[in-house]
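Taking it in order: structure first as structure tokens, then the write-up.
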Amino acid sequence: MPITVRDIHAFKQRGERFIMLTAYDASMARLLDQAGVPVLLVGDTLGEMVLGHSSTIPVTMDDMIHHASAVTRAVENAFVVGDMPFMSYQASTSEALHNAGRHLKEAGVNAVKLEGGGRVAEVVSRLVESGIPVMGHLGLTPQSVNQLGGYRVQGRGEAAQRILQDAKHLEAAGAFALVLEAVPQALGREVTQSLSIPTIGIGAGPHTDAQVLVLHDFLGLTMGRTPRFVKRYASLGDEVTRAAKEFAREVVEGTFPDSEHSYD
């Protein structure tokens, strides 16, 4: 059965932890859906993971619609959330409503996600009033990386209370869930205990209601250093490299294609 907002709320009410993973194409979305992953995020991380950008900033609404459409066509049960990219909702409430509406109408996602606290509460409220479920995002907000001065842990010291208040503002505005990224685990616990909506942690410690990872990090497809909070559950990058080298060797040696892989 397809997952709904009610199911996601019920997870928290029952104390049942769950996961969210990013997905950017039909093949991976189908596999994750078959694995029973309840929530898929078409993240603006596709800018880095798929499109080759150095950050999420260049990602456009058209990029998001293109990839989110592929994901929604592939899934049967997962709840699909589409990221609102940089400057798709900051300029005005009307522009935010237009772009979020595109996500639901053109891409077929079930909800949208946007970054920020009290400053976006009015936008969240307007979207929810219009029938668009909204997931919030606090802590390290990658779209504000230039303002934050890099990818740094957020919510230490006095900033912790600000994030807690922002979380409450988002809940009051109607957000159905909240991503907490790169904050101390004590703050992750405090925010989670203070809200009736689920918190989804990424580098926020073990006390949030759910956990999310970026697909390419999770599968070991990224190269170079990864954030401290990333755990690789597979090493597919190494396997892809090995397979490509094996294919090349067999072609050079003339052992592929053999009779089994040729037509008479």
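Bear in mind these aren't lab numbers, they're just calculated from the coordinates by the rules spelled out. These numbers were taken from a predicted model, which means no experiment stands behind them. Cβ sites come from the backbone with ideal geometry, for glycine too, and all protein chains shown count toward neighbours.
Can you give the convex hull volume of the alpha carbon atoms of the range 5-233 per residue, in Å³? Write out the running numbers ahead of the final one.
Numbers: hull volume 26.2 nm³, N = 229.
Value for the range 5-233: 114 Å³ per residue.
Order these by the 10 Å Cβ neighbour count, fewest first: 214, 81, 251, 5. Spell out each step's value before the answer.
On the way: 214 22, 81 29, 251 11, 5 14.
In order of increasing Cβ crowding within 10 Å: 251, 5, 214, 81.
Say the dipole of the chain comes from +1 at the beta carbon of Lys and Arg and -1 at that of Asp and Glu; which of 199, 237, 104 then lies farthest toward its positive end?
Most positive-ward Cα: 199.
Residue 233 versus residue 98, label points 7 Å from Cα toward the beta carbon: distance in nm?
Rounded to a tenth, the inter-label distance reads 3.9 nm.
Mean 1/r over all different Cα pairs, inverted: what Kirkwood radius does the range 43-158 give, in Å?
Numbers: mean 1/r = 0.0682 Å⁻¹.
With all distinct Cα pairs of the range 43-158 included, I get 14.7 Å.
Label points 7 Å out from Cα along the Cβ direction at residue 73 and residue 193: separation in nm?
Inter-label distance under the simple model: 4.8 nm.
Per Stokes-Einstein, at 20 °C and 1.002 mPa s, what whole-number D in µm² s⁻¹ belongs to the range 45-99, with the Kirkwood radius over Cα pairs as the hydrodynamic radius? Please report the intermediate quantities before stating the final value.
Values: Rh = 12.2 Å.
Translational diffusion coefficient: 176 µm²/s.
Provide the gained length on full extension for the span residue 9 to residue 156, in nm with one decimal, where the gain is 0.36 nm per separating residue minus the Cα-Cα distance. Walk me through the numbers on the way to the answer.
Numbers: separation 147, 0.36 × 147 = 52.92 nm, distance 2.83 nm.
Length difference between fully extended and current span is 50.1 nm.
Could you work out the helix-only [θ] at 222 nm for the chain, with each DSSP H run of four or more residues adding -39,500 (n - 2.57) and the total divided by the number of residues, to the nearest 500 deg cm²/dmol?
-12000 deg cm²/dmol
For the range 1-45, just the Cα set please: Rg and Dmax, both in angstrom.
Using the Cα atoms of the range 1-45, the pair Rg, Dmax is 11.4, 32 Å.
Taking other Cβ within 10 Å of each residue's Cβ, how do 225, 232 sort, fewest first?
Values: 225 7, 232 15.
With the sparsest Cβ surroundings first, the list reads 225, 232.
Taking the highest mean first, how do the peptides 70-76, 111-117, 10-16, 49-55 order by number of other beta carbon atoms within 10 angstrom per residue?
Numbers: 70-76: 18.7, 111-117: 23.7, 10-16: 12.0, 49-55: 14.0.
Ranking the peptides 70-76, 111-117, 10-16, 49-55 by packing returns 111-117, 70-76, 49-55, 10-16.
Work through the residues other than residue 66 whose Cβ is under 11 Å from its Cβ and net out their charges, Lys, Arg +1 and Asp, Glu -1. Mind dumping the intermediate values first?
Details: positive: none; negative: 25, 62, 63, 106.
Cβ neighbours under 11 Å give a net charge of -4.
Considering lysine pairs in the chain that are 8 or more places apart or on different chains, how many have Cα atoms under 25 Å apart?
Numbers: 12/113; 12/168; 12/231; 105/113; 113/168; 113/231.
The number of close lysine pairs in the chain is 6.
Over the Cα atoms of the range 188-264, how large are the radius of gyration and the largest Cα-Cα distance (Dmax), in Å?
Spelled out, the Cα radius of gyration and Dmax of the range 188-264 are 21.5, 69 Å.
Based on the Cβ-Cβ distance of residue 57 and residue 249, what FRET efficiency does E = 1/(1 + (r/R0)^6) give at R0 = 41 Å, to the nearest 0.05? Before the final figure, lay out the partial values.
On the way: r = 41 Å, r/R0 = 0.99.
FRET efficiency, residue 57 to residue 249: 0.50.
Figure the gain on full extension for residue 119 and residue 50 (residue separation times 0.36 nm, minus the Cα-Cα span) and round it to one decimal in nm.
On the way: separation 69, 0.36 × 69 = 24.84 nm, distance 2.99 nm.
Computed gain between residue 119 and residue 50 is 21.8 nm.
How much FRET efficiency would the formula 1/(1 + (r/R0)^6) give for residue 168 and residue 17, where r is the Cβ-Cβ distance and R0 is 22 Å, rounded to 0.05? Walk me through the numbers before you get to the answer.
Details: r = 22 Å, r/R0 = 1.01.
Using R0 = 22 Å, I get an efficiency of 0.50.
If neighbour count is taken as other Cβ atoms inside 10 Å, put 98, 67, 169 in order from fewest to most.
Values: 98 13, 67 25, 169 21.
Ascending Cβ contact count within 10 Å gives the list 98, 169, 67.
Set the Förster distance to 35 Å, then compute FRET efficiency between residue 256 and residue 31 from the Cβ-Cβ distance, nearest 0.05. Please list the in-between numbers first.
Details: r = 26 Å, r/R0 = 0.75.
Efficiency computed from Cβ-Cβ geometry: 0.85.
Determine the relative contact order of the chain: mean sequence separation of Cα pairs under 8 Å and six or more apart, normalised by residue count, in whole percent. Can you show the working numbers first?
Numbers: 493 pairs, mean separation 40.3, N = 264.
Relative contact order here is 15 percent.
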